[in-house]
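Worksheet for the structure shown next.
The values are calculated or read from the model by the stated rules, or taken from the named source; none is laboratory data. Computed from a predicted model, the values in this text were never measured in an experiment. With ideal geometry, Cβ positions are generated from the backbone for all residues, glycine too; neighbour counts draw on all protein chains shown.
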Amino acid sequence: MCKKLIILVLLVVHQLPSATANEETLSGVELRNLRWDWEVYDEEVNQYVPFFKQPNTKAIRFKLDFNKYKNSEVKLLLTDNCFVWIEDELVYRTMGRELVFFSLDSIQAIYKKNEVNMTIFSPQFNEKKISTAIVNEEEGTYSISKDWLLKKRIDQSQIDSFIIISIVTLSLIALFRSFNYRLFQEYFSLSRSLQLRQNFDLIIAHSPIAWPNIGFVIFYAILVGNSFMNIGLFQSDVHIDFPFGLSKGNRITMGLKISGCCFALMLLKWLLILITSELFKIQKARHLHFFTYFRHSLIIAITMFILSVIYGIFEGSLITKGWSVIQAMVVAVWSGRLILIFFVLNKIYTFRKLHLFSYLCSTELIPLLLFFKIFLK
């Protein structure tokens, strides 16, 4: 009897680790153990380093390369109170020891990138109880997948931000139209903007740096920044390599930075025209030149915003080439504006063509080439 009891106890003890192993190896064949890719942030060197160099941490991250693994899943065995982040989005929190799966194909469809960073944070991080791996996708694993939660959270966040940005901007347009109706009509007159004989009956009564015109410069900067916000919200794979740190942070932050940059550049534009017109002795053309340039900029900005709203309504499905399409449009429109300004100034004033061309090279062509080189690289 004792002999049978001992054999039974040994069998039970033998089965206990197997049950735990079955839990951890659920969902197919392991393709890669992501523990070897763990990174932690080292504040001393201000960058991420391999986990083994800084094991005492509360958070680890690793990259998910979608090009290497298709029809696969991220398998996470997590402890209680673990937070899972993808890029800058909190996507899941555990309420106990849990086995969680995320489909790589679903993540790629949401973020539209070739790779993303996944971060796991826990106030009581225990590396021995946390497992991360890439496994092949098998039927049935979606029953414990949280991809629906991820997609719902990101999509709703995008839509909410898009609605708020669009409503605020449309309200601002209505506000400017109500309080500065005649000035608004003169600035946004498409027929006048395409004429060779430009008229600025009300606009030219104020200096370019007077408050009515400064208000429209701020309005222009907001239109451009909010257009980039709307486009960026639904075009996650746009690799905008702006200088001066403009492209760092999320799309909202990037849009605010672009607004500030546009405001500063427009004021610098007036200063450039002011100085160059003095050098070329054509002071009488400076106001006409600036206001023609600025009127075109406002019309381009409001057109860009309207297109961004249409783009957001269709959740980015209208444009597939993304940033390259925007670049081509910018090059075409800005080049067309330069040609129109040449004919406008040549029509009204009797400048020698070579003299006018040299002036426009200094104020328009060279800055335009620098803009293309720096901002659209």
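Whenever a residue of region 209-224 is within 20 Å of MET254 (Cβ to Cβ), its partners that are surrounded by 14 or more Cβ atoms within 10 Å (Cβ to Cβ) and of a type in the set (Val, Ile, Thr), lying with C-beta atoms within less than 7 angstrom and at least six residues away or across chains, give the pairs ILE222/THR169; LEU223/THR169; LEU223/ILE302; VAL224/ILE258. Here the condition is being in a loop (DSSP other than H, G, I, E, B) and modelled with pLDDT under 90; of PHE372, PHE351, it holds for PHE351 alone. Of all the residues in region 294-331, those that are of a type in the set (Phe, Trp, Tyr), surrounded by 19 or more Cβ atoms within 10 Å (Cβ to Cβ) and modelled with pLDDT under 90 number 1. Would you confirm whether any residue within region 76-86 is part of a strand (DSSP E or B), assigned by TED's automatic domain parsing to the domain that holds ASN33 and not aliphatic (A, V, I, L, M)? Yes: one or more hits.
The residue that is modelled with the lowest pLDDT, counting only those in region 239-279 that are part of a loop (DSSP other than H, G, I, E, B) and crowded, with 17+ Cβ neighbours inside 10 Å, is ILE240.
As a summary of the residue check, TRP334 satisfies the conditions (1) surrounded by fewer than 17 Cβ atoms within 10 Å (Cβ to Cβ); (2) modelled with pLDDT of 85 or more except for the one numbered (1). Within region 196-220, the set of residues being among the small types (Gly, Ala, Ser) and either in a loop (DSSP other than H, G, I, E, B) or crowded, with 21+ Cβ neighbours inside 10 Å (or both) comprises SER207, ALA210.
The residues of region 87-116 that are assigned to a strand (DSSP E or B) and closer than 17 Å to SER131 by Cβ, listed by number, are TYR92, GLU98, LEU99, VAL100, PHE101, PHE102. Beta carbons closer than 9 Å, at least 6 apart along the sequence or on distinct chains, pair a first residue in region 357-372 that is closer than 17 Å to ILE275 by Cα with a second that is assigned to a helix (DSSP H, G or I) and among the polar types (S, T, N, Q) for TYR359/THR276; TYR359/SER277; SER362/THR276; THR363/THR276; THR363/SER277.
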